[in-house]
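J.: Once you've had a glance at the structure underneath, I'll fire off some questions.
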Amino acid sequence: MQSRKAFSVFFVLLTFGAMAERCCSQPPSKEDIGKAIKVALTSVESLDLEHTAATALLNKPEFAKRYLGTEVLMQSTVAFAYKGNKRYCRITRPPVVDRLVPEVEPDFSVIPGGAERLQALGENNGAASITSANRQPRAQLLPLFEFAFDGQKITRNTNGSIVSVHLGTEKAAGFAEACASQFLEYAGIELSNPFGMPKAATGALILESVPTFIAREECQTERVLESFDGRPCVVLKKSGEETLWLDPQMNYAVRKREVLYVGSGLLRARLRNSDFVQISPGLWLPRNCDLDYCAPPGAPEGIKGIPLLRSSLRVRRLSVNDVPDSRFVIHVNPGTLVADSTVERLSHGKPVTTLVYSLPADQNELDRVIEENLANVRYARTQLFWRTVLWYCLYSVAGIGGICVLLLGLRKIRQAWGNR
């Protein structure tokens with residue numbers, strides 16, 4: 001095993017050295033760049049990181065509110081880990097924050113993805129709901145969100161509310177997008193999707209991974225070397241849409257990225273990465289990421305294409321190839337109420353889709369607690385069955401009685417007519 005890892009590291013270094021030497025002598029092809037990045041990624045089996053995430057205004061708050069739909073300035077701490085197809089994510093933030101200019105309403109006709117946001121909230125009252133919320137001076141946020149996938153079971157902790165589901169079930173569909181890394185997206189890295197479900201189209205800005213960007217036919221190497229922050233960079237461009245600056249001395253790590261509003265030529269977003277660290281042979285990752293969001297084409301002249309908001313990530317901890325399996329298990333305190341959809345039991349021949357119970361202090365008591373709650377479910381279903389039978393009988397008796405009364409009445413009427 002050790003010899004295999006040593007050979008892998010040697011191969012990565014050899015490939016990286018060959019690419020760097022070639023870059024100095026002639027322009028690297030897209031294929032060369034993509035190969036160098038993919039080879040470096042093969043040396044990373046697992047990753048564990050923690051970073052802060054904060055948004056800050058670059059212009060007037062009413063502009064960010066009206067033309068980007070920014071309601072609050074976020075301050076959060078994010079922990080993320082992966083190992084093969086296992087995932088873990090934890091986000092903590094303040095429970096209450098001030099809203100930006102409550103008297104200003106967002107213009108969803110020009111906000112990027114505004115139509116999708118309205119549709120997600122309901123076509124009839126979506127705008128009214130958002131407007132009503134935005135007029136409140138303070139916003140309540142979810143202070144804790146924790147997500148773990150151990151390869152088979154998905155567990156979510158939403159501020160102390162625990163939900164567990166099996167992968168592949170209908171309930172798991174809503175968890176497909178819950179575990180993603182904004183940091184890896186900024187770094188140009190995309191992980192495989194272990195959930196097998198595509199991301200929903202929201203109109204939000206999505207930064208493709210560098211290998212995916214390079215694989216597109218319209219992506220071309222525009223210039224061999226261009227200085228950025230004193231570093232020579234290879235420039236890749238998808239005309240009219242996006243441009244990337246890759247550092248060949250760091251195995252084509254993303255130093256800068258610009259995304260345009262398609263069809264307008266206006267800048268939509270500008271990403272700058274800095275303070276890089278080599279976490280494995282040939283793989284360099286930034287510790288500082290700053291993404292600026294710009295006003296859309298529908299904004300007034302003098303504002304459109306101008307940066308309005310900045311999203312900044314600052315890495316606190318970053319390690320690779322030493323993530324334990326216990327990282328992908330959410331530790332729940334005794335007494336916590338759990339909604340468990342992984343209990344494959346039957347009650348009166350019907351599956352129990354979700355079982356709600358309080359987690360015991362002794363894990364050895366968990367099976368007993370589950371069985372007791374299953375017994376309660378069976379009792380409740382039995383009670384419901386007999387209650388339904390009782391009401392059915394009562395309705396039947398009442399119906400039969402009503403028919404008898406009606407027939408008796410008709411008989412008397414006929415007799416009365418016959419006596420005349």
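J.: Exactly one of (1) farther than 30 Å from Ala253 by Cα; (2) modelled with pLDDT under 75; (3) among the aromatic types (Phe, Trp, Tyr) is unmet by Phe195. Its number?
T.: (1)
J.: Taking region 278-332, which residues are part of a loop (DSSP other than H, G, I, E, B) and closer than 20 Å to Leu246 by Cβ? Please lay out each step first, then the result.
T.: Kept after step one, since they are part of a loop (DSSP other than H, G, I, E, B), are these residues of region 278-332: 281-282, 296-303, 305-306, 321-324, 329-332.
Answer for region 278-332, where residues must be part of a loop (DSSP other than H, G, I, E, B) and closer than 20 Å to Leu246 by Cβ: Pro281, Gly282.
J.: Determine whether Asp247 is at pLDDT 85 or above and not basic (Lys, Arg).
T.: Numbers: at pLDDT 85 or above: yes; not basic (Lys, Arg): yes.
Answer is yes for this residue.
Rundown of residues vs (1) assigned by TED's automatic domain parsing to the domain that holds Val315; (2) touching a Pro at 6+ places or on another chain (Cβ under 6 Å); (3) closer than 24 Å to Glu31 by Cα, yes/no style:
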position	(1), (2), (3)
Trp245	yes, no, yes
Pro248	yes, no, yes
Tyr252	yes, no, yes
Tyr261	yes, yes, no
Gly265	yes, no, no
Val277	yes, no, no
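J.: Right, something else. Can you tell me how many residues within region 256-271 are surrounded by fewer than 21 Cβ atoms within 10 Å (Cβ to Cβ), touching a residue at least 24 places away in the same chain (Cβ under 8 Å) and part of a strand (DSSP E or B)?
T.: 4
J.: Kindly indicate the residue of region 288-303 that is without any contact (Cβ under 8 Å) to a residue 40 or more places away in the chain and within 26 Å of the chain's Cα centre (by Cα) and also surrounded by the most Cβ atoms within 10 Å (Cβ to Cβ) among those meeting that condition.
T.: From region 288-303, those without any contact (Cβ under 8 Å) to a residue 40 or more places away in the chain are 288, 290, 294, 300-302; that's our starting set.
Filter once more, keeping what is within 26 Å of the chain's Cα centre (by Cα): 288, 290, 294.
Working: Asn288: 15, Asp290: 17, Cys294: 26.
That would be Cys294.
J.: Give the residues of region 103-122 that are under 12 Å from Gly69 (Cα atoms) and either in the same structural domain as Pro143 (by TED's automatic domain parsing) or not in a helix (DSSP H, G or I) (or both), sorted by residue number.
T.: Just the residues of region 103-122 that are under 12 Å from Gly69 (Cα atoms), to begin with: 104-115, 117-118.
Correct list: Val104, Glu105, Pro106, Asp107, Phe108, Ser109, Val110, Ile111, Pro112, Gly113.
J.: Could you tell me how many of the residues in region 42-82 are surrounded by 21 or more Cβ atoms within 10 Å (Cβ to Cβ), in contact with an Asp or Glu (Cβ under 9 Å, 6 or more places away or on another chain) and of a type outside the set (A, V, I, L, M)?
T.: Of the residues in region 42-82, 5 are surrounded by 21 or more Cβ atoms within 10 Å (Cβ to Cβ), in contact with an Asp or Glu (Cβ under 9 Å, 6 or more places away or on another chain) and of a type outside the set (A, V, I, L, M).
J.: Still on this structure, I have one more. Among the residues of region 340-351, is there at least one that is assigned to a strand (DSSP E or B), touching a strand residue (DSSP E or B) at 6+ places or on another chain (Cβ under 9 Å), modelled with pLDDT of 65 or more and surrounded by 15 or more Cβ atoms within 10 Å (Cβ to Cβ)?
T.: Residues of region 340-351 assigned to a strand (DSSP E or B): 340, 346-347, 350-351.
Among the residues that remain, those that are also touching a strand residue (DSSP E or B) at 6+ places or on another chain (Cβ under 9 Å) are: 340.
If we keep only those that are modelled with pLDDT of 65 or more too, we end up with 340.
The next check asks that each one be surrounded by 15 or more Cβ atoms within 10 Å (Cβ to Cβ); those that pass are 340.
Yes, some residue in region 340-351 is assigned to a strand (DSSP E or B), touching a strand residue (DSSP E or B) at 6+ places or on another chain (Cβ under 9 Å), modelled with pLDDT of 65 or more and surrounded by 15 or more Cβ atoms within 10 Å (Cβ to Cβ).
J.: Name the residues in region 200-216 that are modelled with pLDDT of 60 or more and not aliphatic (A, V, I, L, M), would you?
T.: The first filter runs over region 200-216 and keeps only residues modelled with pLDDT of 60 or more, leaving 203-216.
Those that are modelled with pLDDT of 60 or more and not aliphatic (A, V, I, L, M): Gly203, Glu208, Ser209, Pro211, Thr212, Phe213, Arg216.
The values are calculated or read from the model by the stated rules, or taken from the named source; none is laboratory data. Keep in mind it's a predicted model, so treat the numbers as computed, not measured. Because the Cβ atoms are built from the backbone with ideal geometry, glycine has one as well, and the counts that use them run over all protein chains shown.
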